[in-house]
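Here's the structure we're looking at; comments come further down.
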Amino acid sequence: MRGDYTVESGRLAVGRLLAGGAPPRAVICANDLMAIGAMRAAHEAGVAVPDGLAVVGFDDIDAAALVRPALTTVALPAYEIGRRSGELLLARMSGGPSAGEPAREEVLRTRLIVRESTPPVAAAAGEPNGGKQA
């Protein structure tokens with residue numbers, strides 16, 4: 001579903017999904033603000049996070065650790081993105097060896113920060129009691 005990267009667009013989009021005939025068990029949002037909105041929509045629909053709906057955001061803003069349940073998110077290497085972008089731009093502008101080359105793709109490492117908005121891995125895999133001994 002489309003959104004505009006705001007809390008409200010996440011709330012509206014996930015609200016529509018939850019109202020549909022086959023609500024999802026998990027959503028991965030384009031950013032943390034939309035994920036916070038998704039958790040709000042779940043709350044409004046009476047769906048517990050993470051038991052009824054797992055929610056994952058993207059960018060690890062400060063609020064991700066402050067909301068309840070705390071948001072599982074993907075952290076971006078923002079400093080490294082800026083540093084490499086600057087290096088590549090300066091090299092291109094200086095007329096160096098890469099000046100005439102087509103744009104290239106660089107892949108930087110992200111980190112999954114598991115918090116409370118997703119169930120334990122064993123529970124997600126369908127093990128009874130989340131893999132815990134009864």
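The values are calculated or read from the model by the stated rules, or taken from the named source; none is laboratory data. Predicted model, so just to flag it, every value in this text is computed and none were measured. Quick reminder, even Gly has a Cβ in these numbers, built from the backbone with ideal geometry, and neighbours come from all protein chains shown.
Quick one: in the range 5-23, which of the residues that are at pLDDT 95 or above and outside any helix (DSSP H, G or I) is farthest from the chain's Cα centre (by Cα)?
The qualifying residue farthest from the chain's Cα centre (by Cα) is 6.
Answer yes if at least one residue in the range 49-56 is more than 16 Å from the chain's Cα centre (by Cα) and modelled with pLDDT of 95 or more, and no otherwise. Working first, answer last.
Residues of the range 49-56 that are more than 16 Å from the chain's Cα centre (by Cα), as a first pass: 51-52.
Imposing the further condition that a residue be modelled with pLDDT of 95 or more reduces the set to 51-52.
Yes; the residues of the range 49-56 include at least one that is more than 16 Å from the chain's Cα centre (by Cα) and modelled with pLDDT of 95 or more.
If we keep just the residues of the range 86-114 that are in contact with an Asp or Glu (Cβ under 9 Å, 6 or more places away or on another chain) and assigned to a helix (DSSP H, G or I), which is modelled with the lowest pLDDT? Break it down into steps so the answer makes sense when it comes.
The first filter runs over the range 86-114 and keeps only residues in contact with an Asp or Glu (Cβ under 9 Å, 6 or more places away or on another chain), leaving 88, 92, 108-109, 111, 113.
Next cut, assigned to a helix (DSSP H, G or I) only: 88, 92.
Details: 88: 84, 92: 81.
The selected residue is 92.
State which residue is nearest to the chain's Cα centre (by Cα) when the search covers only the range 57-68 and only residues that are exposed (fewer than 15 other Cβ atoms within 10 Å of the Cβ) and assigned to a loop (DSSP other than H, G, I, E, B).
62
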